[in-house]
Each structure stands twice: as structure tokens, then as C-alpha cells.
Number of protein chains: 2
Amino acid sequence: MSKGNVSASVIKRLPRYYRFLGGLIDQNIVRISSGELANRMGLTASQIRQDLNCFGGFGQQGYGYNVHQLYDEIGEILGLNSHFGAIIIGAGNLGRAVANYLSSERRGFHLMGIFDKKEALAGQLIKGQPVRHISGLDEFCRAYKPDVAVLCLPYAAAADTAEQLVRLGVKGFWNFSHYDLSLKYPDIPVENVHLSDSLMQFCYKVKESKKQQNENQN
Amino acid sequence: MSKGNVSASVIKRLPRYYRFLGGLIDQNIVRISSGELANRMGLTASQIRQDLNCFGGFGQQGYGYNVHQLYDEIGEILGLNSHFGAIIIGAGNLGRAVANYLSSERRGFHLMGIFDKKEALAGQLIKGQPVRHISGLDEFCRAYKPDVAVLCLPYAAAADTAEQLVRLGVKGFWNFSHYDLSLKYPDIPVENVHLSDSLMQFCYKVKESKKQQNENQN
């Protein structure tokens with residue numbers, strides 16, 4: 001069980017394994033061969049063995065993987081049993097969706113607070129948390145020391161808010177804004193969800209697929 | 001201007017260029033050198049020249065890129081001037097956030113309808129569109145022929161809904177559910193936004209960063 005040297009590319013694939021294994025557990029599947037797992041995930045058995053055999057969870061040859069054990073180990077490597085405190089900046093639809101998400105999935109984080117600049121939202125309850133006005137951010141962070149922040153706010157506000165949060169000791173960002181945090185804060189963990197980029201990629205795929213269909217018809 | 005053979009890896013980077021160039025236009029910047037653009041984007045000038053010189057938009061050596069021209073060409077390659085009709089399945093917070101998004105960004109898509117299985121939501125207006133009950137999906141698709149669907153619904157419902165939509169002629173999915181569409185529909189364009197995977201990646205980064213800090217302190 002050597003967990004020290006899992007490569008970055010394997011780490012990138014672990015969440016998908018984790019999702020699939022969770023699905024197997026829901027179906028009461030206790031063991032699975034690399035071939036069967038490969039089949040379900042659209043991968044090759046040898047890729048799966050390469051990815052997963054560098055840490056524990058493998059049964060003896062021919063017995064397949066112990067699903068629960070492998071699930072737990074991947075969860076441990078990803079740190080999903082952590083209890084990092086998270087605040088959400090921006091209580092619009094996206095902020096609310098993320099709040100639901102953090103509260104239901106409990107993957108390493110717990111929701112400590114939600115902030116917005118709109119006075120009218122202050123006090124509204126989202127997942128049991130009152131929306132707080134952004135003017136109280138300094139005081140809140142000094143008192144409760146959240147580990148990370150989720151940025152669900154527009155580009156124009158993101159740079160200043162990020163700077164404020166870094167100054168207040170926030171140690172990571174789940175970033176839904178267009179602002180490229182890593183350029184200014186290369187040492188702080190940032191995970192981006194650029195919906196805009198995803199939508200443009202999608203547009204390209206749909207366009208190319210239509211073009212292909214038209215060519216095939218001619 | 002050869003746009004036929006832009007590689008898949010360049011295509012993946014185009015949305016980020018597009019975002020940055022849009023920011024330059026907002027700042028009234030007309031020309032930019034590869035060095036300056038590289039600096040702003042945290043890339044090397046040679047990478048930018050490699051990425052962008054395979055299609056148009058380059059000025060003469062030493063004059064830099066024409067920002068507007070490059071922006072328009074990237075938009076054209078990505079198909080952002082298309083008018084693909086999109087429907088959203090799921091009118092929860094995420095579905096609402098996506099509706100805002102599609103309506104404000106207008107990147108190749110226009111919103112035609114929003115569906116949910118909750119009777120209580122039917123008729124509510126989101127961005128001028130009434131939420132429709134999912135029971136009317138067949139009829140709507142036959143009448144209005146949406147090109148693509150955005151899946152903002154739970155895993156359990158995604159497989160059946162996707163099958164129904166494919167049968168109704170939907171030609172692409174922007175998929176926010178955990179359901180891995182491409183396994184079943186390898187020929188249909190799918191762009192996934194797996195928030196769960198992103199959150200797990202983020203958890204890993206935060207965990208590793210904390211570990212590093214602790215080690216540095218000892």
C-alpha cells in the first residue's frame with residue numbers, strides 16, 4: 001500500500017473510479033474483476049490495473065477487487081474524510097446549487113457560511129445557513145477561520161474578493177468565476193469550474209457533429 | 001486561414017483564449033504581441049504562436065495580433081455564432097443557473113424550454129420561459145425540435161431521460177448529471193460538467209497543500 005507516489009494523471013482519474021465504485025456499492029456488488037469494471041467504465045482492463053494496482057485494494061489474481069476496500073482507499077487518498085470548512089461567496093442560483101451540493105455530498109468539506117453583497121438576501125436560509133452580508137466577511141473569517149472559499153460571483157468582483165480572502169487566510173478556492181486565480185496566486189490550491197469554457201467546447205462539438213452529418217448525407 | 005485541421009488539443013485551449021481576448025476588447029486593446037498575451041495568460045510566447053498561427057488573425061511579424069480579428073476567428077471556429085436550440089431538464093438551482101447562463105452568454109445556443117417533474121414548478125417563469133412539466137417533453141420536442149439538452153437532474157433520472165431525448169432526435173448533451181452518457185451514446189456530442197469530480201480534485205489539492213505546509217513547519 002504505497003500511497004505516497006500516485007501520479008498526477010492517476011489522481012485525475014480517481015474521482016471517476018470513486019463514482020463508479022460508489023454505484024457498485026449501491027448495487028450491493030462486493031467484488032469486481034478489472035475486466036468487468038473496464039467494461040462498465042469504457043476503459044481497458046490493463047489501464048485499470050495500471051491505475052489501481054499502485055495502491056491497495058487489489059484482491060489476489062483472479063479474485064478481482066474488493067469494491068468497498070478500494071472505494072475507501074480512493075476516498076482516503078483524495079482526502080474525502082477531511083472536514084475542511086468552506087464558505088460560499090455569492091448566493092445566486094449557482095451559489096445555492098453549490099450549497100446543496102456541499103451539504104448533500106459531504107466530500108471533505110462542510111459549509112460554514114454563505115455571503116452576498118445584496119442586502120435583500122441577508123438572513124435568507126439556504127441549507128440551514130443564513131445568507132450573510134459581504135461586509136461581515138472579515139469578522140467572520142477572523143472568528144471562524146474557514147479553510148476554503150467557493151467563488152460564485154461575477155468576474156468583476158472576483159479579483160478583489162479573492163485578494164481579501166487570501167489576506168484573511170483562506171487556503172484554497174473552488175472557483176466558478178472567470179477570474180484566473182492561479183496567475184496571481186500560484187501557490188494556492190485552485191480548482192476551476194469554467195462553465196463558459198465548457199459551453200464553448202460543447203458548441204464546437206455540436207457544430208462539428210452537424211457538419212459531419214451533413215457531409216455524410218451529401 | 002486554414003481552419004480545417006486545428007488539432008483537438010488546440011481546440012481545448014481556444015475557450016480560454018477567447019475569454020482573455022474578450023477581456024482585452026473590454027479594455028479597448030486593439031493589438032497585442034504574443035509576448036504580452038503570454039504574460040497575461042501565464043503561457044510562453046512560443047506556445048501562443050504555435051496555438052494561434054495555424055489559423056488567421058496574425059499581424060505581420062513584430063506588429064502583434066489584431067485582437068478583434070483573432071477573437072472573431074476563434075468564435076467562428078468554436079461555432080459561437082450558431083443558434084442551436086437548447087432545452088434544460090431540471091429547474092432546480094442548477095437548472096436556473098444554467099438558464100441565466102445560456103440567456104446572458106449567448107454562446108451558440110438559445111434557450112427554448114425548461115422542464116421539471118415537479119408539478120408545483122410548472123408555469124414559474126425563468127428568464128421569460130415557463131417551467132413545463134416533464135410529461136409534455138415528447139410533444140414539445142416533436143413540435144420544436146431542440147438541437148441539444150442540458151441535463152440538470154439526478155443520476156437516477158438521467159439514463160431514462162437521455163434515452164427519451166435521443167429517441168426524440170436531440171443531438172447533443174451538456175451533462176451536469178453523474179450519468180456517463182458517452183458509454184451508451186458514443187456518437188452523440190456530450191460535454192460533461194462533473195461537479196462531484198471537480199470537488200474531489202479540489203479536496204485532494206487542499207489536503208496535499210496542507211500536508212506540505214505541515215511538513216515545511218516541522
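What follows is calculated from the coordinates using simple rules that are stated; it is not laboratory data. These numbers come from a predicted model, not from an experiment. Positions of Cβ are generated from backbone atoms using ideal geometry, with glycine treated the same way; all protein chains shown enter the neighbour counts.
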| message | Once you order the gyration tensor axes a ≥ b ≥ c over the Cα atoms, which shape class does the stretch A:37-134 get: rounded for a/c under 1.5, otherwise prolate or oblate by comparing a/b with b/c? | response | prolate
| task | Return the sequence-ordered ³J(HN,Hα) values of the stretch A:187-193 in whole Hz as given by the Karplus equation 6.51 cos²θ - 1.76 cosθ + 1.60 applied to θ = phi - 60°, using x for Gly and Pro. | result | 8, 9, x, 10, 10, 9, 10
| query | Among the lysines, which have Cα under 26 Å from the Cα of A:K210 when same-chain residues fewer than 8 positions away are ignored? | reply | B:K3, B:K12, B:K145, B:K171, B:K184
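Among B:H194, A:H110, what is the fewest-to-most ranking by other Cβ atoms within 10 Å?
Numbers: B:H194 18, A:H110 14.
Final ranking by Cβ density, sparse to dense: A:H110, B:H194.
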| message | How far, in nm to one decimal, is A:P154 from itself in the other copies if the label point is set 7 angstrom along Cα toward Cβ? Shortest first, please. | response | 3.5
| note | Along the stretch A:108-121, Karplus-curve 3J(HN,Hα) (6.51, -1.76, 1.60; θ = phi - 60°) to the nearest Hz, with x for Gly and Pro, reads x, 10, 10, 7, 9, x, 10, 10, 8, 8, 6, 4, 4, 7
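To the nearest 500 deg cm²/dmol, what mean residue ellipticity at 222 nm is calculated for the protein assembly as shown from DSSP H runs of n ≥ 4 alone, each contributing -39,500 (n - 2.57), summed and divided by the residues? Could you put the intermediate results ahead of the total?
Details: 18 runs with 216 residues, N = 436.
Mean residue ellipticity at 222 nm (helix-derived): -15500 deg cm²/dmol.
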| query | With each label point set 7 Å from Cα along the Cα-Cβ vector, what nm distance links B:K145 and A:N218? | reply | 1.9
| query | Under 14 Å from the Cα of A:K127, which aspartates and glutamates turn up, not counting those fewer than eight places away in the same chain? | reply | A:E105
| field | Per-copy distances of the A:Y185 label point, shortest first, in nm (7 angstrom along Cα→Cβ) | value | 3.8
| note | Between the modelled labels at A:H133 and B:A45 (7 Å from Cα along Cα→Cβ) the distance in nm is 5.0
| request: List the distances, in nm to one decimal, from the label point of B:D138 to the label points of the same position in every other copy, shortest first, placing each label point 7 Å from Cα along the Cα-to-Cβ direction. | output: 6.2
